[in-house]
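First comes the structure, then the notes that go with it.
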Amino acid sequence: MYIVRPVSVSRSAKKSGQSGLSLIESLVSLLVLALGILGLAGVQTRLLVETRTANYRATAIGLIDDLTNRIALNRTASLAGNYNLAWAAAATAAQNCVTATCNGAQLAQSDLNQWRAAVARLLPGSDASVFVSANDIRQIGIAVSWTSNESSKAALGSAADVAYNAPFSVTVANSGVACPANSICHIVYVQP
(Lines give C-alpha, C1' and ligand atoms only; values in the text may rest on other atoms or scores of the structure.)
Protein backbone atom coordinates (compact mmCIF):
# COMPACT_ATOMS: atom_id res chain seq x y z
CA MET A 1 0.00 0.00 0.00
CA TYR A 2 1.20 3.43 -0.89
CA ILE A 3 0.78 6.42 1.30
CA VAL A 4 0.88 9.85 -0.31
CA ARG A 5 2.45 12.53 1.76
CA PRO A 6 2.30 16.20 0.93
CA VAL A 7 5.55 17.74 -0.04
CA SER A 8 6.32 21.03 1.59
CA VAL A 9 7.77 23.84 -0.47
CA SER A 10 9.97 26.39 1.11
CA ARG A 11 8.94 30.04 1.08
CA SER A 12 11.95 31.04 -0.97
CA ALA A 13 10.91 28.71 -3.79
CA LYS A 14 7.39 30.23 -3.88
CA LYS A 15 8.69 33.79 -4.17
CA SER A 16 11.10 33.06 -7.01
CA GLY A 17 8.35 31.95 -9.49
CA GLN A 18 6.03 34.40 -11.29
CA SER A 19 2.60 34.34 -9.75
CA GLY A 20 0.60 36.64 -12.18
CA LEU A 21 0.67 39.31 -14.84
CA SER A 22 2.71 42.40 -14.32
CA LEU A 23 1.16 45.87 -14.57
CA ILE A 24 2.82 46.61 -17.94
CA GLU A 25 1.48 43.40 -19.50
CA SER A 26 -2.00 44.29 -18.26
CA LEU A 27 -1.82 47.78 -19.76
CA VAL A 28 -0.58 46.46 -23.11
CA SER A 29 -3.43 43.94 -23.28
CA LEU A 30 -5.96 46.69 -22.44
CA LEU A 31 -4.48 48.87 -25.21
CA VAL A 32 -4.78 46.05 -27.75
CA LEU A 33 -8.37 45.42 -26.65
CA ALA A 34 -9.23 49.14 -26.91
CA LEU A 35 -7.79 49.34 -30.43
CA GLY A 36 -9.85 46.32 -31.46
CA ILE A 37 -13.04 47.86 -30.08
CA LEU A 38 -12.31 51.18 -31.85
CA GLY A 39 -11.77 49.31 -35.09
CA LEU A 40 -15.11 47.53 -34.72
CA ALA A 41 -16.83 50.85 -33.95
CA GLY A 42 -15.36 52.35 -37.14
CA VAL A 43 -16.54 49.40 -39.23
CA GLN A 44 -20.01 49.65 -37.69
CA THR A 45 -20.21 53.39 -38.46
CA ARG A 46 -19.14 52.85 -42.07
CA LEU A 47 -21.68 50.05 -42.42
CA LEU A 48 -24.47 52.35 -41.18
CA VAL A 49 -23.49 55.05 -43.71
CA GLU A 50 -23.42 52.58 -46.59
CA THR A 51 -26.74 51.04 -45.52
CA ARG A 52 -28.38 54.47 -45.41
CA THR A 53 -27.03 55.29 -48.89
CA ALA A 54 -28.31 51.95 -50.23
CA ASN A 55 -31.75 52.59 -48.70
CA TYR A 56 -31.90 56.06 -50.26
CA ARG A 57 -30.88 54.64 -53.64
CA ALA A 58 -33.62 51.98 -53.41
CA THR A 59 -36.13 54.71 -52.54
CA ALA A 60 -34.95 56.78 -55.53
CA ILE A 61 -35.38 53.77 -57.84
CA GLY A 62 -38.93 53.27 -56.56
CA LEU A 63 -39.74 56.95 -57.11
CA ILE A 64 -38.30 56.85 -60.63
CA ASP A 65 -40.39 53.75 -61.34
CA ASP A 66 -43.48 55.64 -60.13
CA LEU A 67 -42.85 58.53 -62.51
CA THR A 68 -42.03 56.12 -65.33
CA ASN A 69 -45.47 54.54 -64.92
CA ARG A 70 -47.14 57.97 -64.87
CA ILE A 71 -45.28 58.93 -68.07
CA ALA A 72 -46.26 55.67 -69.77
CA LEU A 73 -49.93 56.31 -69.00
CA ASN A 74 -49.72 59.84 -70.44
CA ARG A 75 -47.45 59.13 -73.42
CA THR A 76 -48.65 61.94 -75.69
CA ALA A 77 -47.99 64.60 -73.05
CA SER A 78 -44.57 63.14 -72.27
CA LEU A 79 -43.51 63.25 -75.93
CA ALA A 80 -44.70 66.86 -76.06
CA GLY A 81 -42.30 67.72 -73.20
CA ASN A 82 -44.95 68.29 -70.53
CA TYR A 83 -43.00 66.21 -68.00
CA ASN A 84 -39.77 68.23 -68.34
CA LEU A 85 -38.53 69.48 -64.98
CA ALA A 86 -35.34 71.38 -64.12
CA TRP A 87 -33.36 71.06 -60.89
CA ALA A 88 -34.75 73.30 -58.13
CA ALA A 89 -37.74 74.34 -60.25
CA ALA A 90 -40.59 75.86 -58.27
CA ALA A 91 -43.80 73.86 -58.13
CA THR A 92 -46.47 75.06 -60.52
CA ALA A 93 -50.10 75.18 -59.46
CA ALA A 94 -51.96 72.35 -61.10
CA GLN A 95 -55.54 71.27 -61.34
CA ASN A 96 -56.54 68.35 -59.14
CA CYS A 97 -57.05 65.61 -61.72
CA VAL A 98 -58.59 63.28 -59.14
CA THR A 99 -61.70 65.43 -58.71
CA ALA A 100 -61.85 67.12 -62.14
CA THR A 101 -61.30 66.22 -65.76
CA CYS A 102 -57.85 67.11 -67.08
CA ASN A 103 -56.18 67.18 -70.47
CA GLY A 104 -52.73 65.58 -70.99
CA ALA A 105 -50.71 68.68 -70.05
CA GLN A 106 -52.73 69.27 -66.89
CA LEU A 107 -52.38 65.61 -65.91
CA ALA A 108 -48.59 65.83 -66.48
CA GLN A 109 -48.34 68.88 -64.20
CA SER A 110 -50.49 67.19 -61.55
CA ASP A 111 -48.33 64.04 -61.79
CA LEU A 112 -45.12 66.09 -61.43
CA ASN A 113 -46.44 67.94 -58.37
CA GLN A 114 -47.51 64.72 -56.64
CA TRP A 115 -44.25 63.00 -57.55
CA ARG A 116 -42.06 65.90 -56.37
CA ALA A 117 -43.93 65.96 -53.07
CA ALA A 118 -43.18 62.25 -52.64
CA VAL A 119 -39.50 62.80 -53.52
CA ALA A 120 -39.21 65.62 -50.97
CA ARG A 121 -40.96 63.54 -48.29
CA LEU A 122 -38.90 60.37 -48.76
CA LEU A 123 -35.37 61.62 -49.48
CA PRO A 124 -33.43 64.17 -47.38
CA GLY A 125 -32.42 67.35 -49.20
CA SER A 126 -33.73 65.91 -52.45
CA ASP A 127 -34.29 67.39 -55.87
CA ALA A 128 -35.30 65.99 -59.25
CA SER A 129 -34.88 66.66 -62.93
CA VAL A 130 -36.77 65.25 -65.91
CA PHE A 131 -35.36 65.97 -69.37
CA VAL A 132 -35.27 64.79 -72.95
CA SER A 133 -32.11 62.84 -73.75
CA ALA A 134 -29.52 64.74 -75.78
CA ASN A 135 -28.72 61.58 -77.77
CA ASP A 136 -32.24 60.32 -78.52
CA ILE A 137 -35.30 62.58 -78.44
CA ARG A 138 -37.50 59.54 -77.81
CA GLN A 139 -35.81 58.93 -74.44
CA ILE A 140 -36.62 60.78 -71.25
CA GLY A 141 -34.05 61.03 -68.47
CA ILE A 142 -35.18 61.04 -64.85
CA ALA A 143 -32.59 62.10 -62.26
CA VAL A 144 -33.13 62.16 -58.50
CA SER A 145 -30.59 63.64 -56.08
CA TRP A 146 -30.36 63.56 -52.29
CA THR A 147 -27.96 64.97 -49.74
CA SER A 148 -24.78 62.99 -49.37
CA ASN A 149 -24.39 61.66 -45.83
CA GLU A 150 -20.64 61.31 -46.07
CA SER A 151 -17.71 63.48 -47.10
CA SER A 152 -17.63 64.44 -50.75
CA LYS A 153 -15.49 62.14 -52.87
CA ALA A 154 -14.50 65.06 -55.11
CA ALA A 155 -13.24 66.99 -52.09
CA LEU A 156 -10.97 64.09 -51.20
CA GLY A 157 -9.44 64.30 -54.67
CA SER A 158 -8.03 60.80 -54.91
CA ALA A 159 -7.62 59.35 -58.40
CA ALA A 160 -9.66 56.27 -57.41
CA ASP A 161 -12.62 58.43 -56.38
CA VAL A 162 -12.49 60.44 -59.61
CA ALA A 163 -12.36 57.20 -61.63
CA TYR A 164 -15.29 55.82 -59.62
CA ASN A 165 -17.44 58.87 -60.41
CA ALA A 166 -16.34 59.16 -64.06
CA PRO A 167 -19.08 56.97 -65.66
CA PHE A 168 -21.85 58.99 -63.99
CA SER A 169 -20.16 62.30 -64.85
CA VAL A 170 -19.98 61.32 -68.54
CA THR A 171 -23.64 60.25 -68.53
CA VAL A 172 -24.68 63.50 -66.90
CA ALA A 173 -22.51 65.61 -69.24
CA ASN A 174 -24.08 63.91 -72.29
CA SER A 175 -27.58 64.56 -70.96
CA GLY A 176 -27.04 68.24 -70.23
CA VAL A 177 -27.79 67.96 -66.50
CA ALA A 178 -25.35 67.99 -63.61
CA CYS A 179 -25.81 66.48 -60.19
CA PRO A 180 -26.18 69.23 -57.54
CA ALA A 181 -23.13 69.84 -55.33
CA ASN A 182 -22.72 67.60 -52.27
CA SER A 183 -25.44 65.27 -53.52
CA ILE A 184 -25.71 61.70 -54.65
CA CYS A 185 -27.69 61.20 -57.87
CA HIS A 186 -29.42 58.34 -59.57
CA ILE A 187 -30.35 58.71 -63.24
CA VAL A 188 -32.47 56.47 -65.46
CA TYR A 189 -33.48 56.78 -69.11
CA VAL A 190 -36.92 55.60 -70.15
CA GLN A 191 -38.67 55.41 -73.48
CA PRO A 192 -42.37 56.24 -73.22
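Less than 5 angstrom separates the built amide H of residue 85 from those of 130, 131, all sequence-distant by 5 or more or on a different chain. Take region 67-146 with all the other protein chains still there, run a 1.4 Å probe, and you get 50 Å² of accessible area per residue. For the set 107, 30, solvent exposure ranked by accessible area (probe 1.4 Å, protein chains only) runs largest to smallest as 30, 107. Considering region 34-159 at the alpha-carbon level, its Rg and Dmax are found to be 19.1, 67 Å.
Taking H placed 1.01 Å from N in the peptide plane, check which residues at least 5 places from residue 148 or on another chain put their amide H under 5 Å from its amide H. Counting only residues 5 or more places away or on other chains, the set is 183, 184. Karplus-derived 3J(HN,Hα) values for region 113-121, using 6.51 cos²θ - 1.76 cosθ + 1.60 with θ = phi - 60°, are 5, 5, 5, 5, 5, 5, 4, 5, 6 Hz; glycine and proline are entered as x. Packing here is the average count of other Cβ atoms within 10 Å per residue, and on that basis the peptides 40-53, 72-85, highest first, run 72-85, 40-53. Our coupling estimate for region 77-91, obtained by passing each phi through the Karplus curve with A = 6.51, B = -1.76, C = 1.60 and θ = phi - 60°, is 5, 5, 5, 7, x, 6, 9, 4, 8, 8, 4, 6, 6, 6, 5 Hz, Gly and Pro reported as x.
The values are calculated or read from the model by the stated rules, or taken from the named source; none is laboratory data. Computed from a prediction, not measured in an experiment: that's the story for all the values here. We place every Cβ from the backbone using ideal geometry, glycine too, and count neighbours over all the protein chains shown. All accessible areas refer to the heavy atoms of the entire protein, side chains included, with ligands and DNA or RNA removed. Shrake-Rupley method; radii C 1.70, N 1.55, O 1.52, S 1.80 Å.
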